[in-house]
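Just so it is clear, none of the values below were taken in a lab; they were calculated from the coordinates. Quantities reported herein were computed from a predicted structural model and do not represent experimental measurements. Because the Cβ atoms are built from the backbone with ideal geometry, glycine has one as well, and the counts that use them run over all protein chains shown.
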Amino acid sequence: MALKDKYADRIQHHLSKYPETRSAVMPLLYIAQEEYGYINDEGVAEVAEILDMDPTQVRSIAGFYTMYSEKPKGKYWLQVCTDLACALNGADQFHKDLKEYLGVEEAGTSEDGLFTVEHVMCLAACDKAPMLQCNFHYMENLDMEKMKAWIEEKRAEYQAELDKANQ
Amino acid sequence: MSDTPKILLRGDEIENLREIDVYVDNGGYEGFKKALQMGSDGVINEVKAANLRGRGGAGFPTGVKWSFIPKDEPVKYVAVNADESETGTFKDRLIMETNPHQLIEGALICAYAIKATAVYIYLRGEFWDVAHELDKRIAEAREAGYLGENILDSGWSCEMYTHLGAGAYICGEESALLNSLEGYLGQPRVRPPFPANKGGGLYKEPTVVNNVETLSNVPWIIVNGADEYKKIGTDQSTGTKLFCVSGHVKNPGVYELPFNTTFRELLFDVCGGPRKEGTSFKAMLPSGGSGPIVPLTDEVLDSPMTYEDTAKLETIIGSASLIIMDDTVDITWVASKVIKFFRHESCGKCTPCREGTYWLDKVVDRIMAGEGRERDIQLIDNVAKNMQGLTLCALADFAANPIIHTIRHFPDDFMQHVKSDEELAAAGD
Ligand SMILES: Cc1cc2nc3c(=O)[nH]c(=O)nc-3n(C[C@H](O)[C@H](O)[C@H](O)COP(=O)(O)O)c2cc1C
Ligand code: SF4
Ligand code: FES
C-alpha cells in the first residue's frame, strides 16, 4: 500500500502543522524510512509526489541528514557516541569491543542481519557514557557485559520468532 | 548556594511535575495569566529589566531581542531552539523531560509578547522520545485552554508544534534551523535580513529564536519580577544557569546554580573532584567543543562562572557545558576529537570552513600518528587563524578555537608527537 494511504492520518497531521507543505518533508521522510527500512527510490518518489516537490530535492534533503539511512540497516541500528566527553570515559574502546563482539566493520551489519554498528557525534547524554542510540531510543551507562547480555537476548528472541514461523 | 531558588530543575523535588495538574498546583501558568494582564510591552520590559541573557551560547539579552520584532506585521513566529547538539551539552533535554510545561509556558509568554501566530519547537532528531512526550504535554496545554483560538478570552490565538531534525549540528544555528524547518537544506542564511526582520525569519516573517533554557526562565521572571531575578547571580549574569559537567569528575551531571558560583565550588563541592584517585585536573572546555580550552589553574578554579569573568580568562561560559580532563589526557588527542566533530558538521557552504576543517583534521591526524614535524604545528595554527571571521556562520570560528587554544596552552602536548627542527636538521632533512 502506498504511504499516502497507509499513513494518511499521520501525513495529514504533519501537513496541518505548517503553512507551506514543503515543511513536512522531514517528518514524511521519517515515515518513508519506517515503512521501507531506509530511504529508497520508492519512498523518495512518494514523498515528492505528496509534497509536490522534485524527487532530486527530496533526495538531497535525505542525504544532508545523518538519521536518514540510504542503505538498509540491521534490525537494531546501534549508533555509539564516540565524541569527546564520552571518549574520556571509555567510549572508543567500547565501540571497538562492540564491533569485535559482533564481528562487524564500521557501519557494517552482523551476519544474522540483526545489528548494525556505527559511531556518531555527541547525543546529549555525555554524563552517561558509554552510551548509544538503538533505533532512536537511548541506552545509557553501558559496558560490554551489559551489551553481551542484551545482544544474546535479542538473538534468542529472533531465533524464537524464526522457530515459531517454521512450525 | 543552598538558599538560591530552583527555577528550572524543580522536577527533582516535585514528583510528576511534567503533568499539567501537578505543574498548575505548583504555580504553573500563573506567569502566563499575569503576562496577559501586563500586555506585550509590560512583558518585554520586565524581561529586559531582568537582563535575561540567551542560554544557547551567545548570551544575547532576550528582552532586547523580542523588542526588535515589528508590531504591525500580522504573521509572526517563535522558534524554540531544542537542537542541543554542542558536544558536552545535555541540559535542554533534562528541562523537557522533567519540566516540559515550564518551557511551554515560557514559549507562550514570548509568543504573546510579540503576538506570534505559532510556536515551533525544533528538536534534534535524536530527541525522538522527548518530542513525542512533549507533544502530549502540548496537547494538555491546549486542552486547558492555553493554546488555540482566543486564548483565555484575550482575543489572541496561537498554536504550538514540535518539529524533529534528523542529525545535523548546524541546524542549531538559528538561520539554518529556520531553513531546515521550511524543508530546505539546513544551511545558514546570509544576514541581513535577520530572523527578527520581515524577510529574514520563518517563512520570511519576523521570528524570535530562543533556546529552551532561556524561555524556561521567563515564567519565573514574570511571576516574581525582574528585581527578584536580579538578586541571583551578578549584574551582567543574572539568574541561575544549568551547568552540564562531563568527563573526569566523580559526579557528572546537570546542576542548577547561580552564575556567580566558582568553578571550584562546582567541580569539587558539587561534582566531587577528579574521577580517579591520584589524578588532578588538567584542562577544561567550559562551553563544549566550541569555546576556548583553559588549563585548570587556581586562577581559573577561583573564577566565578559568569559571562564577564570567563571573558577575563579568554574563554566563554557559553552554553556552560564543562568537559573536564585530568592529567592523563593528551591535549593533542582532544584537539583531534574536536576538529573531527567540526569537520563532520561543517555544512560545506563556505570554502574556509569546508577546506579548513578538512586540512586541520588531516594534519592533526598526521601529528598524532607520529609523522608530523614541528612546523606542522605552526601550519595548523595558521590555517585555524585564517578561518576566523570570514564565513556565513560561527561554526568556522568554533572549529578554529580548539586548535589555536590547545596549541597556545599546551604546546608540549603537541611537541611530544613531532620531530623538532633540531632533530630534522641533525638527520639532514
Ligand atoms: C554552529 C552553531 C550551532 C548552534 N547550536 C545551538 C544549539 O544547539 N542550541 C541553541 O540553543 N543554540 C545554538 N546556537 C546558537 C543559535 O544560533 C542562537 O544564537 C540561539 O538559539 C539564540 O537563542 P538564545 O538567545 O536564547 O540563546 C548555535 C550557533 C551556531 C553558530
Ligand atoms: S561557516 Fe561552515 S557551517 Fe557555517 S555556513 Fe559556512 S560552511 Fe556552513
Ligand atoms: S559526548 Fe557522547 S553524548 Fe555527548
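Counting neighbouring beta carbons within 10 Å and listing from fewest to most, the residues B:HIS132, A:HIS13, A:HIS95 come out as B:HIS132, A:HIS13, A:HIS95.
Sequentially through segment B:402-411, phi angles give Karplus couplings (6.51, -1.76, 1.60; θ = phi - 60°) of x, 6, 4, 7, 5, 5, 5, 8, 10, x Hz, Gly and Pro residues having no value and appearing as x.
Over chain B, the Kirkwood radius and the radius of gyration, each from Cα atoms, give a ratio Rg/Rh of 1.00. For A:HIS119, the residues whose amide H sits under 5 Å from its own are A:VAL80, A:ALA107, ignoring neighbours fewer than 5 places away on the same chain, with H placed 1.01 Å from N. Applying Stokes-Einstein at 25 °C and 0.890 mPa s to the Kirkwood radius of segment A:43-126, computed over alpha-carbon pairs, gives a translational diffusion coefficient of 168 µm² s⁻¹.
When the Cα convex hull of segment B:27-86 is projected onto planes of every orientation, the mean area is 5.5 nm². With the helix formula -39500 (n - 2.57) applied to DSSP H stretches of n ≥ 4, chain B reaches a computed 222 nm mean residue ellipticity of -12000 deg cm²/dmol. Looking at the square roots a ≥ b ≥ c of the eigenvalues of the Cα gyration tensor of segment B:97-218, which shape do they give, rounded for a/c under 1.5, prolate if a/b is larger than b/c, or oblate? Oblate. For B:ARG189, the residues 5 or more places off, or on other chains, whose built amide H falls under 5 Å of its own are B:SER175, B:ALA176. In the structure shown, the pairs A:LYS4/B:LYS349; B:LYS91/B:LYS312; A:LYS17/A:LYS71; B:LYS337/B:LYS419; B:LYS115/B:LYS136; A:LYS146/B:LYS362 are assessed against 27 Å; a Cα-Cα span above that value is assigned to A:LYS4/B:LYS349; A:LYS17/A:LYS71; A:LYS146/B:LYS362. Among A:TYR68, A:TYR18, A:TYR101, the largest mean-square fluctuation in a Gaussian network model of chain A (Cα springs under 10 Å) belongs to A:TYR18.
Compared with the rule-of-thumb size 2.2 N^0.38 Å for a compact globular protein, segment A:76-166 has a Cα radius of gyration ratio of 1.10.
Close amide H pairs (under 5 Å, H built 1.01 Å from N) link B:LYS241 with B:LEU257, B:PHE259, residues at least 5 positions away or on another chain. With a cut-off of 11 Å on the backbone N, no residue of segment B:387-417 is near the modelled label site 7 Å out from B:ARG366 along Cα-Cβ.
When A:SER69, B:SER237 are sorted by how many other C-beta atoms sit within 10 angstrom of their C-beta, beginning with the fewest, the order is A:SER69, B:SER237. I need the shape label for segment A:3-64. Rule: rounded when a/c is under 1.5, else prolate if a/b > b/c, else oblate, with a, b, c from the alpha carbon gyration tensor. Since a/c reaches 1.5 but b/c is at least a/b, the shape of segment A:3-64 is classed as oblate.
Taking the square roots of five times each eigenvalue of the Cα gyration tensor of segment B:234-326, the equivalent ellipsoid has semi-axes of 19, 14, 12 Å, listed largest first. Taken as Cα centroids, segment B:365-427 and segment B:13-52 sit 49 Å apart, rounded to the nearest whole angstrom. For chain A, the fraction of C-alpha pairs more than 30 angstrom apart is 31%.
Could you work out the local net charge near A:TYR38, counting Lys and Arg as +1, Asp and Glu as -1, over the other residues with Cβ closer than 12 Å to its Cβ?
Values: positive: A:LYS71, A:LYS73; negative: A:GLU34, A:GLU35, A:ASP41, A:GLU42, A:GLU70.
Summing Lys and Arg as +1 and Asp and Glu as -1 gives -3.
Once each part is reduced to its C-alpha centroid, what is the distance from segment A:145-162 to segment B:244-307 in angstrom? Comparing the Cα centres of segment A:145-162 and segment B:244-307, I get a distance of 40 Å.
Taking the Cβ of B:LEU313 as the centre, find all other residues whose Cβ is under 15 Å away and add up their charges (Lys, Arg: +1; Asp, Glu: -1). It would help to have the intermediate numbers written out before the result.
Numbers: positive: B:ARG264, B:LYS312, B:ARG408; negative: B:ASP298, B:GLU299, B:ASP302, B:GLU308, B:ASP309, B:GLU314.
Surrounding charge for B:LEU313 is -3.
How would segment B:189-345 be classified by its alpha-carbon gyration tensor: rounded, prolate or oblate, with rounded meaning a/c under 1.5 and the a/b versus b/c comparison settling the rest? Can you show the working numbers first?
Numbers: a/c = 2.42, a/b = 1.37, b/c = 1.77.
Oblate, because a/c is 1.5 or more while a/b does not exceed b/c.
Each of A:SER23, B:SER216 has some number of other Cβ atoms within 10 Å of its Cβ, and from fewest to most they run A:SER23, B:SER216. Of the two radii for segment B:331-422, the radius of gyration is 0.96 times the Kirkwood radius, both from the alpha carbons; that is the Rg over Rh value.
Where does the charge balance sit around B:VAL209 when Lys and Arg score +1, Asp and Glu -1, over other residues with C-beta under 13 Å from its C-beta?
Summing Lys and Arg as +1 and Asp and Glu as -1 gives +1.
In percent, what relative contact order does chain B have, based on Cα pairs under 8 Å that are 6 or more apart in sequence? With pairs under 8 Å counted, the relative contact order is 16 percent. Extending 7 Å from Cα along the Cβ direction at B:GLU277 and again at B:ALA49 yields two label points whose distance is 5.6 nm.
Please give the length that would be gained between A:TRP150 and A:GLN167 if that part of the chain were fully extended, namely 0.36 nm times their separation in residues minus their C-alpha to C-alpha distance (nm, one decimal). Let's see the in-between values first.
Details: separation 17, 0.36 × 17 = 6.12 nm, distance 2.60 nm.
Contour length minus Cα-Cα distance gives 3.5 nm.
In the frame of its principal axes, the protein assembly as shown has Cα extents of 83, 70, 45 Å, reported largest first.
Just checking the listed ones, B:GLU13, B:GLU30, B:GLU126: in the Gaussian network model of chain B with Cα springs under 10 Å, the one fluctuating most is B:GLU13. Taken over segment B:1-144, the alpha-carbon convex hull comes to 137 cubic angstrom per residue.
Springs between alpha-carbon pairs under 10 angstrom, Gaussian network model over chain B: which of B:GLU84, B:GLU371, B:GLU105 fluctuates most? Judging by the Gaussian network model, the answer is B:GLU371. Computed 3J(HN,Hα) for segment B:62-78, one whole-Hz value per residue from the Karplus formula 6.51 cos²θ - 1.76 cosθ + 1.60 where θ = phi - 60°, is 5, x, 5, 4, 5, 6, 6, 6, x, 7, 8, 6, x, 10, 9, 9, 10, glycine and proline marked x.
Relative contact order for segment B:126-260: what percent, with Cα pairs under 8 Å and sequence separation of 6 or more? About 10 percent, as a whole number.
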